[in-house]
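Asker: Sending over a structure as structure tokens; questions will come in a sec.
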Amino acid sequence: PPHDFLKKAFISAVLEETNITIESKDKRIVRKTIYLTASPAVKSELYIKKPLLLERMRSKLEKGSVSDIR
């Protein structure tokens, strides 16, 4: 699948930064934006860590592959 590598990179970045395990079914990628369907508590934690998560993903992936997390 085209976004499989991005999903794995996101799961890895979240686990490294927050110790939270995100299921593959809890997210979708549309036009360089990752949309989450997780609980509000998880979304809040990820929103706080959003700059760190984006930076970690950009270091693993090519530039411009992910621009936002919602």
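The values are calculated or read from the model by the stated rules, or taken from the named source; none is laboratory data. Quantities reported herein were computed from a predicted structural model and do not represent experimental measurements. Because the Cβ atoms are built from the backbone with ideal geometry, glycine has one as well, and the counts that use them run over all protein chains shown. All accessible areas refer to the heavy atoms of the entire protein, side chains included, with ligands and DNA or RNA removed. Shrake-Rupley method; radii C 1.70, N 1.55, O 1.52, S 1.80 Å.
Asker: Using alpha carbons only, what's the Rg to Rh ratio of the range 1-62 with Rh from Kirkwood?
Answerer: Here Rg/Rh amounts to 0.91.
Asker: Using only alpha carbon pairs under 8 Å that are at least six residues apart, calculate the relative contact order of the chain and give it in whole percent. Working shown, then result.
Answerer: On the way: 75 pairs, mean separation 24.1, N = 70.
For the chain, the relative contact order is 34 percent.
Asker: Separate question: Expressed as a whole percentage, what fraction of the accessible surface of the chain belongs to carbon and sulfur atoms when a 1.4 Å probe is rolled over the protein heavy atoms? Walk me through the numbers on the way to the answer.
Answerer: Values: 2520 of 4660 Å².
Carbon and sulfur atoms account for 54 percent of the accessible area of the chain.
Asker: As I understand it, the dipole of the chain uses +1 on the Cβ of Lys and Arg and -1 on the Cβ of Asp and Glu, about the Cα centre. Which of Ile20, Leu52, Val30 lies farthest toward its positive end?
Answerer: The residue sitting most towards the positive pole is Val30.
Asker: Report, in deg cm²/dmol and to the nearest 500, the calculated mean residue ellipticity at 222 nm for the chain, where each DSSP H run with n ≥ 4 adds -39500 (n - 2.57) and the sum is divided by the residue count.
Answerer: Calculated mean residue ellipticity at 222 nm is -15500 deg cm²/dmol.
Asker: Just add up the charged neighbours of Ser12: K/R +1, D/E -1, any other residue whose Cβ is under 14 Å from the Cβ of Ser12. Working shown, then result.
Answerer: Details: positive: Lys7, Lys8, Lys27, Lys49, Arg56, Arg58, Lys60; negative: Asp4, Glu16, Glu17, Glu23, Glu55.
In short, +2.
Asker: Which whole-number value in Å² is the accessible area per residue of the chain, probe 1.4 Å?
Answerer: Ligands and nucleic acids excluded, the result is 67 Å² per residue.
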